[in-house]
Every structure is written in structure tokens, then in C-alpha cells.
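The block underneath contains the structure these notes are about, expressed in C-alpha cells.
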Amino acid sequence: TVKVWDADSNVTTDSEDGSPSHLKRFPNQTFVGHTGAVLSVACVSEEVLLTGSEDKTARLWSVETGACLRVFVGHTQAVTSVAVVDNITFLTGSKDSTIKVHDGISASCIRTYTGHTSTVTSVSTTHESGTFISASEDLTIKLWVFTAVLPAVNR
């Protein structure tokens, strides 16, 4: 389960000096659908969230409705980290030691990167176009260059 909180609307100012005196404990939205613990979350935009879970999937969610928009499959173990490349391209890192690039429109995996020998604990895009970084329990941090994925040729 994932919950979205609006810190501004959840603060009450009952004190004389106007400082926050009480935080409400009610989320604005709850997202239900993963069948394992949620391990990672990233904001795609103000309207969309990306999550990764022990259920071996990543999911896109509508912030407004709480609906699951897409399910990304392909990892053989838990999805431990998610990152946003752009509004339609996402990275997932996993306990299976791989990193996958997903197309948010088709929900398909368009590339798998291998090179870590243990759980990928974190994936992050860089400010430099065309690269991303991963960290792993194998005690390494890797800088990757996105490689082009060419469409299949009909024979």
C-alpha cells in the first residue's frame, strides 16, 4: 500500500503564535494493488507515481484516482528501486541483480542491463543526458550509458 499526504492541508494551527500544533494522520490517497511490500516510490509528475515492490513488479498510479495505470513485469525477484527517465520511460532495479528500462506506454521492458552480481539497491538518472547510475549490494556503483534499442526487423 502507498499513501499520498498533503503536508499543507494536514497541518492545523491551534496555537496562539500560529505555529503548527497538530498533524492530522489521514492520507489524501491510498494506492492498493501490490501483493508484496512496496520498496520504492518516485514521482513521475504531479498526477502520476511509480512504485516498486517485493511482488516483482513496478506500477504506475494515478494520484487523483488511486487507480493503477500500468504494471511492469519481467524481474524474477523484488523490485528494490525505481527511477524516472522521462514521462514515459522508467528504470527498475531488482534483487535479481538486473536493471530494466520500461516503456510506460506499452508497459514493456525495452532493455535489460546486467553487470551487478547482487541486489541492485538504487537506480538514479543523472543530469547528463543518456546516462544513469546504479548501486548494489555487490559493493559497486556503476555509471551506465543508455544504448539504443532498435526495432526488430521482419525477415
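The values are calculated or read from the model by the stated rules, or taken from the named source; none is laboratory data. Quick caveat: nothing in here was measured; it's all calculated off a predicted structure. When we count neighbours, we look across all protein chains shown, and the Cβ atoms used for this are built from the backbone with ideal geometry, even at glycine. Note: areas computed on protein heavy atoms with side chains; ligands, DNA, RNA excluded. Shrake-Rupley method; radii C 1.70, N 1.55, O 1.52, S 1.80 Å.
Things worth noting here:
- Filtered by the rule that a residue be in contact (Cβ under 8 Å) with a residue 12 or more places away in the chain and either surrounded by fewer than 20 Cβ atoms within 10 Å (Cβ to Cβ) or part of a strand (DSSP E or B) (or both), region 98-112 gives I99, K100, V101, H102, D103, I105, A107, C109, I110, R111, T112.
- Scanning region 41-80 for residues that are within 22 Å of T98 (Cα to Cα), among the β-branched types (V, I, T), open to solvent by less than 60 Å² (accessible area, probe 1.4 Å) and without any contact (Cβ under 8 Å) to a residue 40 or more places away in the chain yields a total of 2.
- Number of residues in region 12-40 that are at pLDDT 75 or above, open to solvent by 90 Å² or more (accessible area, probe 1.4 Å) and not hydrophobic (A, V, I, L, M, F, W, C): the value is 1.
- Residue pairs whose Cβ atoms lie under 6 Å apart, sitting 6 or more positions apart in sequence or on different chains, and linking a residue in region 23-34 that is among the aliphatic types (A, V, I, L, M) to a partner that is modelled with pLDDT under 55, are L23/N10.
- Among the residues of region 112-130, those that are farther than 22 Å from W61 by Cα and of a type outside the set (V, I, T) comprise Y113, G115, H116, S118, H127, E128, S129, G130.
- Single condition T92 does not satisfy, out of (1) open to solvent by 20 Å² or more (accessible area, probe 1.4 Å); (2) in a strand (DSSP E or B); (3) out of contact with any Ser or Thr (no Cβ under 6 Å at 6 or more places or on another chain); (4) of a type in the set (S, T, Y): (1)
- Among the residues of region 113-131, those identified as over 14 Å from the mean Cα position of the chain (by Cα) and surrounded by 14 or more Cβ atoms within 10 Å (Cβ to Cβ) are Y113, G115, H116, T119.
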